[in-house]
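Since the structure comes first, as structure tokens, the remarks are kept for the end.
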Amino acid sequence: MNVAAILKLKGRDVLTAPPSTKLLDIARMLGERKIGCIVIADDDGNVVGIVSERDIVQELARAGTSVMDEPVEVCMTKSVVSCREADTTDQLMGEMTAHRFRHMPVIERGRLVGLVSIGDVVRMRIAEAEMEAAAMREYIATG
């Protein structure tokens, strides 16, 4: 299975915000929508960063609550690792594990087209395993 299959099931909506958005507003958006990260994009729609709940907590621990009035660009991850729709779930799991993050933007032809989480990948892998097991049971039953 690949990223395109995940996006077909979950959809392609991605919450983005500009780098000037206050960290407090980012935290509110995360809480209100019950999501784990927001992709940060410039005025042209180019991905310039990503911010997660973990990034906010680390910045609060480092600088205190006054940081909540600062723009998100002070604590966002600027070197964003992304994937493509053709990438496999195995590739995603490897990247997410190696870099220790849970969300990955999907970029095609320089444009943001979706976002996948480790939860999305795990759900897809479980579905694959269930399909393989069912096919094996069918093969044994008819063989």
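The set of residues in segment 23-43 being closer than 20 Å to Arg12 by Cβ, over 14 Å from the mean Cα position of the chain (by Cα) and not hydrophobic (A, V, I, L, M, F, W, C) consists of Arg33, Asp42.
Which of the following residues is within 16 Å of Val39 (Cα to Cα) and among the aliphatic types (A, V, I, L, M): Val113, Val122?
Exactly one of Val113, Val122 is within 16 Å of Val39 (Cα to Cα) and among the aliphatic types (A, V, I, L, M), namely Val113.
The criterion of being free of Cβ contacts under 8 Å to residues at least 24 places away in the same chain and among the aliphatic types (A, V, I, L, M) holds for Met104. For the residues Val39, Val14, the requirement of being touching a strand residue (DSSP E or B) at 6+ places or on another chain (Cβ under 7 Å), surrounded by 12 or more Cβ atoms within 10 Å (Cβ to Cβ), part of a strand (DSSP E or B) and in contact (Cβ under 8 Å) with a residue 24 or more places away in the chain singles out Val39. The residue of segment 71-94 that is farthest from Leu7 (Cα to Cα), among those that are of a type in the set (D, E, K, R) and in contact with a strand residue (DSSP E or B) (Cβ under 7 Å, 6 or more places away or on another chain), is Glu73.
The numbers here are math on the coordinates, done by the rules we state, and not lab data. Just so it is clear, the structure is predicted and the values come from calculations on it, not from any experiment. Cβ: placed from backbone, ideal geometry, glycine included. Neighbour counts: every protein chain shown.
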